[in-house]
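Colleague: Take this structure, written in C-alpha cells, and hold onto it; I'll ask about it next.
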Amino acid sequence: MIAQSITHCWRKIGVYAGDHSCARLREVVHCRNCDVFAAAARSMLLRDVEQVDAVGTDTAEVIATARSALLVRIGGIGLGLPATRVVEIAADAPLRRVPHRNGRAIAGLINVRGHIHLALALTRIFGLAGNEPDANTHARIVLLDAIAGAPVAFRVERVIGVHGFAQTDLGPVPETLPPLLAEMANAVGNAGEEHYLLLDDAKLSRALGEAINA
C-alpha cells in the first residue's frame with residue numbers, strides 16, 4: 001500500500017528551502033541524488049490523485065534561505081555555483097587533450113560515469129592566479145548542465161557542499177576581482193569564517209558558453 005503522506009525531508013533538512021543539516025548531503029551533495037528523494041518521487045507518481053489546497057510558499061522558508069549554492073574551492077578562492085545547475089559531483093579523473101582545441105578555455109575531455117564531457121579550465125577563464133588544480137585526495141569533478149547546449153565538466157580543488165544563505169549572510173562583491181569574475185559574481189556569501197563568491201546562474205552560463213566558442 002502506498003503511503004498517503006510523505007515526509008518532505010528535502011524541505012526541512014535538505015536543499016529545497018531546508019536548513020542543509022541532512023547528514024546524507026555530505027555524500028550525495030544534492031537531494032535529487034538521494035535515494036530517499038527518488039523513492040518519494042516514485043510514490044508521488046503512483047498514489048491516487050487527491051484534492052489539494054492551492055499551491056503556496058511558506059514565507060518563513062523563503063526568508064530562511066535566500067539562495068543555495070554548491071561551495072567549491074578553485075584557484076585559491078571559494079566560489080558558490082548555482083545549485084540548480086549542478087548535475088553531478090564525480091571522482092577526479094584524467095584529462096584527455098583535444099587536438100587543436102587546447103587553449104584558454106578548453107582543458108580537455110573527461111570521462112564521467114562512462115560519458116565523455118568537455119572539461120573547462122576555469123582558472124584561465126576566470127583570470128585567477130595559478131594553474132588548474134592538480135589531482136589530489138580532495139579534487140573532484142563538477143558537472144554543470146546546459147552550457148552551450150551540453151553538460152560541461154571542470155576540476156575543483158575541493159567540494160565543500162551545498163549551503164543555504166540567508167539574506168543577512170550576503171555581502172557586496174569586492175572591487176578587486178578579475179573583470180569576468182566580477183561580472184558573474186553578484187554577492188559574497190558568508191559561511192562561518194569562510195567567504196564565497198556567489199555566481200549568477202545566467203551570467204555564468206553565458207560566460208562559459210562564450211569561452212567555449214571563442
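The values are calculated or read from the model by the stated rules, or taken from the named source; none is laboratory data. Fair warning: this is a prediction, and the values are worked out from it, not measured in the lab. Cβ placement follows ideal geometry from the backbone for every residue including glycine, while neighbour counts extend to all protein chains displayed.
Colleague: Can you confirm whether Asp48 is loosely packed, with under 14 Cβ neighbours inside 10 Å, out of contact with any strand residue (DSSP E or B) (no Cβ under 8 Å at 6 or more places or on another chain), at pLDDT 75 or above and of a type in the set (D, E, K, R)?
Modeller: For Asp48, the condition - loosely packed, with under 14 Cβ neighbours inside 10 Å, out of contact with any strand residue (DSSP E or B) (no Cβ under 8 Å at 6 or more places or on another chain), at pLDDT 75 or above and of a type in the set (D, E, K, R) - is not met.
Colleague: Sticking with this one: Here is a list of conditions, (1) in a strand (DSSP E or B); (2) within 27 Å of Val15 (Cβ to Cβ), and Ala93 meets all of them except one; can you say which number that is?
Modeller: Against the list (1) in a strand (DSSP E or B); (2) within 27 Å of Val15 (Cβ to Cβ), Ala93 comes up short only on (1).
Colleague: Same structure again: Out of Val173, Val162, Val188, Val152, which single residue is surrounded by 15 or more Cβ atoms within 10 Å (Cβ to Cβ), in the same structural domain as Gly75 (by TED's automatic domain parsing) and farther than 16 Å from Val72 by Cβ?
Modeller: Selected residue: Val173, the only one of Val173, Val162, Val188, Val152 that is surrounded by 15 or more Cβ atoms within 10 Å (Cβ to Cβ), in the same structural domain as Gly75 (by TED's automatic domain parsing) and farther than 16 Å from Val72 by Cβ.
Colleague: Same structure again: Tell me, please, whether a residue that is modelled with pLDDT under 60 and either in the same structural domain as Ser205 (by TED's automatic domain parsing) or over 21 Å from Ile160 (Cα atoms) (or both) can be found in the stretch 77-96.
Modeller: Scanning the stretch 77-96 turns up no residue that is modelled with pLDDT under 60 and either in the same structural domain as Ser205 (by TED's automatic domain parsing) or over 21 Å from Ile160 (Cα atoms) (or both).
Colleague: Let me ask something else about it. Does the stretch 52-59 contain any residue that is modelled with pLDDT under 85, under 24 Å from His195 (Cα atoms), assigned to a helix (DSSP H, G or I) and outside the structural domain of Ile160 (by TED's automatic domain parsing)?
Modeller: No, the conditions are met nowhere in the stretch 52-59.
Colleague: Identify, please: which residue in the stretch 194-214 is buried (at least 20 other Cβ atoms within 10 Å of the Cβ) and of a type outside the set (A, V, I, L, M, F, W, C) and is, among those, farthest from Ile125 (Cα to Cα)?
Modeller: Filtering the stretch 194-214 for residues that are buried (at least 20 other Cβ atoms within 10 Å of the Cβ) and of a type outside the set (A, V, I, L, M, F, W, C), the one farthest from Ile125 (Cα to Cα) comes out as Tyr196.
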